[in-house]
1. What do you reckon, is residue 46 farther than 30 Å from residue 160 by Cα, modelled with pLDDT under 70 and part of a helix (DSSP H, G or I)?
2. Limited to the stretch 1-18, what total is found for residues that are out of contact with any helix residue (DSSP H, G or I) (no Cβ under 9 Å at 6 or more places or on another chain), in a helix (DSSP H, G or I) and loosely packed, with under 13 Cβ neighbours inside 10 Å?
3. Only residues that are touching a residue at least 12 places away in the same chain (Cβ under 8 Å), in a helix (DSSP H, G or I) and over 25 Å from the mean Cα position of the chain (by Cα): list them for the stretch 56-97, please.
4. Take residue 117 and tell me if it is at pLDDT 85 or above and under 30 Å from residue 167 (Cβ atoms).
5. If you take the residues in the stretch 125-142 that are loosely packed, with under 15 Cβ neighbours inside 10 Å and more than 20 Å from the chain's Cα centre (by Cα), which one is nearest to residue 185 (Cα to Cα)?
6. With the condition kept exactly as written, say whether any residue in the stretch 171-185 is surrounded by 12 or more Cβ atoms within 10 Å (Cβ to Cβ), over 20 Å from residue 104 (Cα atoms) and in contact with a strand residue (DSSP E or B) (Cβ under 6 Å, 6 or more places away or on another chain).
7. Does the stretch 102-113 include one or more residues that are touching a residue at least 40 places away in the same chain (Cβ under 8 Å) and in contact with a strand residue (DSSP E or B) (Cβ under 7 Å, 6 or more places away or on another chain)?
8. So is residue 61 under 29 Å from residue 11 (Cβ atoms), at pLDDT below 85 and loosely packed, with under 10 Cβ neighbours inside 10 Å or not?
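The values are calculated or read from the model by the stated rules, or taken from the named source; none is laboratory data. What you see is a predicted model, and the numbers here were worked out from it, not measured in a lab. Because the Cβ atoms are built from the backbone with ideal geometry, glycine has one as well, and the counts that use them run over all protein chains shown.
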């Protein structure tokens, strides 16, 4: 992209330089290099035109100035991208911390009584806790109004949306999100 921009800049500068030179020399120039005159040029005029050479190369100072502008623009784009990346990383870290603190709070509370049955929408299962936490954080970033959590079941960490107190409520929510590509394989499970 940098080379293409440089080439296009040089072509643009050459065209402008050619037109301005032709203007100051009092000649007509078109984009196709054709000279439009009502009368045909004389032999002497043709020979004179053939002997003249026009150098349309930009000066090294102009090229250097263009290169400096290009570098400044690339650096500003890079700084902007780095700022956005750090903001997103901070958001993901904050969500991970929130999820971990919620899990710790749940762990300190008493076990849910068997009469209080809860349901969740199973998104995916992971072997590692970090992967489950990261997936829940990414989904929380994309869908901030939904509640995501993960639960350890045997050797797997399952990522859920919920919890729902009634199975019907979980199924209704599943119908709403089933058409989204990330949630096409989601199913209702008792937690």
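1. yes
2. 7
3. Once the filter is applied, which keeps residues that are touching a residue at least 12 places away in the same chain (Cβ under 8 Å), in a helix (DSSP H, G or I) and over 25 Å from the mean Cα position of the chain (by Cα), the stretch 56-97 yields 62, 63, 66, 67.
4. No: the conditions fail for residue 117.
5. Among them, the one singled out is 127.
6. yes
7. Yes, some residue in the stretch 102-113 is touching a residue at least 40 places away in the same chain (Cβ under 8 Å) and in contact with a strand residue (DSSP E or B) (Cβ under 7 Å, 6 or more places away or on another chain).
8. Here the answer is yes, as residue 61 does meet what is asked.
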